[in-house]
Amino acid sequence: MRMRTADPDLTRGPDADSLRRQAEALGPWFHNLHLPGGVETVPDHFLGGDFPCFKWQQIAPHLPADLAGWRVLDVGCNAGFYSFELARRGAGVLAVDVDEHYLEQARWAAQVQGLADRVQFRRLGVYELAALPDRFDLVWFMGVFYHLRYPLLALDLLAQRTLRLMVFQTLSLPGDSVYPDTRDHPIDDREPLLDPGWPKMAFIEHRFAGDPTNWWVPNHAGIEAMLRSSGLRVAGRPAGEIYLCEPDPSGDSARWRRTGALEPALAAVQALGRRPAGA
Ligand SMILES: C[S@@+](CC[C@H](N)C(=O)[O-])C[C@H]1O[C@@H](n2cnc3c(N)ncnc32)[C@H](O)[C@@H]1O
């Protein structure tokens, strides 16, 4: 990890040197955190620029400046960049991730920034959130959907737990077109399904961008359709691939809810992670 210092005047003291050493020991980092003394954890990010600060700056103007009293769930929090920004606006944050390496970074960074009392980090996978009864004013679901083998299950689960707002981001297919009428088609009328604007996801059997945890890449029409189908309304698109969503009780999500499929499906996913007895 290469470390850049933003303000040389702030970095002369032993604190910045010590922070830099500790950050290096906790690497590699995915989030470039801006720590006291001008220390940054991964200033030359492979995604380009100051990641994820530049994404936060696209979204931040669309969020309330004062989040006092808001409960936030940050799913796949990584090193906690977004959790920290939301906590600085006054929110209480539950931040979860499956990867202990990132959680260790996040807990350390919370201490360093004096935010440990406002952000709780837990090692939890998204499907395990089904065991929590809580609902959240804001569900932050950025950069995780396409890493899931059962993405709609996670989206349905998180939509149910969203009281005011979900911030959703996924890797997506190129293009922005939306097929005008997806309500119903005769069984022999399949050409529309091949239209670039028909809601769809590309399945990744092996790896994408060298990453075997990338499973699905939806198109824009598919993203909006899945969000609607999970009971959400797209209220804004602050930047490419980023969707601001609100619960939409009058929307068109009743079809899957009537099936009662969510709980059994979640139980099945949990069971998939366990070896059958005797195996
Ligand atoms: C691409 S990073 C995105 C990090 C952050 N949300 C962001 O937008 O910058 C994906 C993160 O999701 C976590 N993750 C992957 N699968 C998960 C799962 N099933 N449940 C919770 N977190 C998961 C990874 O450990 C990683 O920290």
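Here are the criteria: (1) more than 17 Å from residue 101 (Cβ to Cβ); (2) outside the structural domain of residue 242 (by TED's automatic domain parsing). Tell me which single one residue 22 does not satisfy.
(1)
Is region 239-260 home to any residue that is exposed (fewer than 11 other Cβ atoms within 10 Å of the Cβ) and touching a helix residue (DSSP H, G or I) at 6+ places or on another chain (Cβ under 8 Å)?
There is at least one residue in region 239-260 that is exposed (fewer than 11 other Cβ atoms within 10 Å of the Cβ) and touching a helix residue (DSSP H, G or I) at 6+ places or on another chain (Cβ under 8 Å).
Need at least 2 residues that are closer than 30 Å to residue 135 by Cα and touching a residue at least 12 places away in the same chain (Cβ under 8 Å) per element, so show me which strands (runs of 3 or more DSSP E) inside region 177-279 make the cut, counting only ones lying wholly within it.
216-218, 232-239, 242-247
Against the condition closer than 24 Å to residue 161 by Cα and modelled with pLDDT of 95 or more, how does residue 29 come out, does it pass?
On the way: closer than 24 Å to residue 161 by Cα: no; modelled with pLDDT of 95 or more: yes.
Here the answer is no, as residue 29 does not meet what is asked.
In region 158-170, which residue that is surrounded by 22 or more Cβ atoms within 10 Å (Cβ to Cβ) and among the hydrophobic types (A, V, I, L, M, F, W, C) is nearest to residue 270 (Cα to Cα)?
Top of the filtered list is 158.
The values are calculated or read from the model by the stated rules, or taken from the named source; none is laboratory data. Just so you know, these numbers come straight off a predicted model, no measurement behind them. Here Cβ is always computed from backbone atoms with ideal geometry, including for glycine, and neighbour counts include all displayed protein chains.
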